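Right, one structure below, let's go through it.
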Amino acid sequence: MKVKLSVQRTDPESGKTGYSKYEIEAPENTTVLDALIQIREYEDGTLALRCSCRSAICGSCSMRVDGQARLACRAKIIALTRGNEEQELTVEPMGNMPVIKDLVVDMESFWAKVRQVDPYIQPNVEPPPDEEYRVPNESMLDLTHTMNCIMCGACVSDCTVLEVDKNFIAPAALAKAYRVTADPRDGKAHERLEKLSEYGGIWDCTRCNMCVEVCPKGVAPMNRIMQLREMAIEAGITNNAGSRHTAIFTKSITDGGRLNEVWMVPGSVGMFNIPRMTKEMPGALRMMRVGKLPLGQAIPPGLPGSHKISGMERVRNLIRKSASLKPRKPEVVES
Ligand code: SF4
Ligand code: SF4
Ligand code: FES
């Protein structure tokens with residue numbers, strides 16, 4: 001099979017970036033990693049890449065193939081090109097991390113964020129002498145997807161929030177935070193959730209779903225972040241814009257059947273947060289001019305006379321139904 005690759009190259013000394021094009025003959029089941037290794041062995045010994053297990057276990061070969069982070073050892077070329085041997089694949093290093101050389105990135109910021117969430121269980125009780133902690137099976141079942149993480153960095157590479165805000169803890173570390181916070185042996189859940197509710201934490205995710213899409217191990221970091229949000233709200237950690245936004249959003253829908261645009265911002269940032277309300281004012285005026293802040297929604301949701309759509313009963317039925325489908329949530333263990 002003919003394989004065509006365009007590989008991003010970075011000179012570590014000058015920092016200059018360009019693309020090298022390669023065309024090789026390879027067996028039908030060749031992966032992107034196999035092809036890169038073949039290139040490095042027989043065509044161009046200067047090509048730098050990272051790999052180890054070649055079996056989707058070690059997490060070291062993450063890179064972008066045609067713009068999306070993948071494990072190169074799992075990325076079959078025939079599947080990516082749909083068998084079209086003339087199609088060239090573009091191979092680039094992971095995003096959101098500085099490039100050291102070619103396809104090798106510096107993962108220090110990735111590990112720093114993992115360390116930031118204290119990724120180890122901190123029990124507040126000693127197990128009985130000569131015994132182990134006994135953990136209910138169902139708690140561990142809930143954690144199995146998170147425990148599958150191989151720290152490959154693919155989710156961090158493609159996280160859209162991290163791209164614009166380096167302070168964001170990012171999906172891999174937040175998934176790890178869920179793994180320890182939801183573990184019944186951990187005694188620091190409340191403190192962890194408080195810390196995770198600060199700027200850069202669980203409320204900064206925009207739910208773009210990229211981390212779910214690219215994760216090769218089904219960890220679904222975004223879903224873990226949503227579970228952490230629920231745990232934080234249930235633990236009463238609600239004095240933050242993210243949690244207030246969720247509350248006003250829910251109230252708006254359950255009360256009136258649609259978003260109450262007039263009260264979304266004051267409800268989220270806090271009515272008496274004068275600096276923030278002042279900052280939002282120009283946007284609010286623009287929305288008003290184009291009829292996006294209807295006067296009919298001037299009464300806050302939940303108060304007598306607040307706006308309601310027709311057919312509210314159907315909305316309530318949907319809400320009841322979705323509430324009954326909610327997955328079981330892990331308990332917050334107080335420290
Ligand atoms: S869903 Fe959230 S954590 Fe995942 S990639 Fe998007 S912004 Fe990042
Ligand atoms: S959550 Fe998935 S994509 Fe992110 S580091 Fe772990 S295995 Fe890789
Ligand atoms: S080489 Fe280990 S995951 Fe790809």
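Quick notes on this structure:
- Qualifying positions in segment 130-145 - surrounded by 13 or more Cβ atoms within 10 Å (Cβ to Cβ) and either modelled with pLDDT of 85 or more or within 27 Å of the chain's Cα centre (by Cα) (or both): Ser139, Asp142, Leu143, His145
- Flag for Pro127 being without any contact (Cβ under 8 Å) to a residue 24 or more places away in the chain, open to solvent by less than 70 Å² (accessible area, probe 1.4 Å) and more than 10 Å from the chain's Cα centre (by Cα): yes
- Candidate set from segment 235-252 (those that are open to solvent by less than 20 Å² (accessible area, probe 1.4 Å) and of a type in the set (Ser, Thr, Tyr)); member that is nearest to ligand 3 (Cβ to nearest atom): Ser243
- Count of residues meeting criterion [closer than 21 Å to Lys21 by Cβ and open to solvent by 40 Å² or more (accessible area, probe 1.4 Å)] in segment 93-111: 2
- Residues in segment 182-237 that are under 13 Å from the mean Cα position of the chain (by Cα), assigned to a loop (DSSP other than H, G, I, E, B) and of a type in the set (Val, Ile, Thr): Thr206, Val219.
- As for segment 87-97, it holds no residue that is assigned to a strand (DSSP E or B), within 16 Å of ligand 1 (Cβ to nearest atom) and among the small types (Gly, Ala, Ser).
- Here His307 meets the list (1) within 30 Å of Ala170 (Cβ to Cβ); (2) surrounded by 14 or more Cβ atoms within 10 Å (Cβ to Cβ); (3) not aromatic (Phe, Trp, Tyr) almost entirely, failing just condition (1).
- Within segment 253-263, being touching a helix residue (DSSP H, G or I) at 6+ places or on another chain (Cβ under 7 Å), of a type outside the set (Val, Ile, Thr) and buried (at least 16 other Cβ atoms within 10 Å of the Cβ) holds for Gly257, Asn260, Trp263.
- Matching residues in segment 196-234 - criterion: being more than 11 Å from ligand 2 (Cβ to nearest atom), open to solvent by 40 Å² or more (accessible area, probe 1.4 Å) and in contact (Cβ under 8 Å) with a residue 60 or more places away in the chain: Glu230, Glu234
- Near pairs, Cβ below 7 angstrom, 6+ apart or cross-chain, from segment 263-292 (in contact (Cβ under 8 Å) with a residue 24 or more places away in the chain) to any residue that is in a loop (DSSP other than H, G, I, E, B) and surrounded by 15 or more Cβ atoms within 10 Å (Cβ to Cβ): Trp263/Pro300; Trp263/Pro301; Met287/Leu293
The values are calculated or read from the model by the stated rules, or taken from the named source; none is laboratory data. As the structure is a computational prediction, the values presented were derived from the model and not from experiment. Here Cβ is always computed from backbone atoms with ideal geometry, including for glycine, and neighbour counts include all displayed protein chains. Areas reflect the complete protein model, heavy atoms only, side chains present, ligands, DNA and RNA absent. Shrake-Rupley method; radii C 1.70, N 1.55, O 1.52, S 1.80 Å.
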